[in-house]
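Here, each number is a calculation from the coordinates, and none is a lab measurement. Remember, predicted model here, so these are calculated numbers, not experimental data. Heads up, the Cβs are rebuilt from the backbone with ideal geometry, glycines too, and the neighbour counts pull from every protein chain shown.
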Amino acid sequence: MKYLIVGCGRMGAEVAQALVQNGHAVTLVDEDRRIIDKLEPRLREHLMVGSGFDRESLTRAGIEQVDGLAAITNNDESNAVIARLARVFFHVPRVVARLNDPRKIDLYRLLGIQIAAPFFWAVNRFVDLLSYSELEAVASLGNGEVEILQVQANMLLEGRKINSITVPGEVQAVALTRKGKTFLPTSETILQCDDLVHIAALADSAERVRAILSLR
């Protein structure tokens, strides 16, 4: 996968490094040429000096070919603009924007922007949102503390009861879509292959959910 990171401060650099370690191609964009001295040597070759607001700079950075973009500058307004530009003008499949001020969460949601807030999520959350996975986050509730995830049941899940993927107070299957119809399962509902399972989980429980579903 190819990803574009706009904003190469500490968090942006760590997200980029995590993606590179996972085998992805990464390009970093930052206006400050001096930032190169603060980057790890292996990341310096991936840096392009330019503005995240400038369509020409983004084009040179390869935004038209990337699978995901993360706007991780220190300015919420900048991140919102960059994220909208990526989604609306360049049609980037996955876009995540850093949010520093929790009072702006509703505005981000109105703009349709997927957020990663440092006060709830850390670097691994950015990587999880950008990376394609069998487990997909489809909604965020409250201030991001709870997420609605969905996963398509495979042969590993077929025949298991819904209560086998429940952790009280942490992970709960809330709905099931089968053959185009969605219903509320009981604890005894048996999963069938190709069921779409909708799960409510704490935001920091993604790895726990994967373990329960045997996706890792």
Vicinal HN-Hα couplings computed from phi for segment 33-45 (Karplus, 6.51 cos²θ - 1.76 cosθ + 1.60; Hz; Gly/Pro x): 4, 5, 5, 4, 5, 9, 7, 4, x, 6, 8, 4, 5
In debye to the nearest 20, how big a dipole does segment 2-132 give about its Cα centre with +1 on each Lys and Arg Cβ and -1 on each Asp and Glu Cβ? 160
How big is segment 146-213 along each principal axis, measuring the range of its Cα positions in Å and listing the largest first? 30, 21, 18
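Using 0.36 nm per residue, how much length does the chain from residue 178 to residue 59 gain when fully extended, once their Cα-Cα distance is taken away? The partial results should precede the final answer.
Working: separation 119, 0.36 × 119 = 42.84 nm, distance 4.16 nm.
In short, 38.7 nm is gained.
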Tell me, what is the FRET efficiency for residue 187 and residue 105 to the nearest 0.05, using R0 = 30 angstrom and their Cβ-Cβ distance as r? 0.35
Amide proton proximity set for residue 97, modelled H, under 5 Å, gap of 5+: 71, 114, 115, 116
Step through the residues of segment 64-78 one at a time and calculate ³J(HN,Hα) from phi using the Karplus curve (6.51 cos²θ - 1.76 cosθ + 1.60, θ = phi - 60°), rounding each to whole Hz and writing x for Gly and Pro. 6, 10, 7, 8, x, 9, 10, 9, 10, 7, 8, 10, 4, 4, 4
Sort out for me the Cα centre separation of segment 52-105 from segment 1-44, rounded to whole Å. 15
With no solvent term and unit scatterers on the alpha-carbon positions of segment 2-132, Debye gives log₁₀ I(q)/I(0) at q = 0.11 Å⁻¹ of -0.31
For the chain, with +1 on Lys and Arg beta carbons and -1 on Asp and Glu, the positive-most of 25, 15, 89 along the dipole: 89
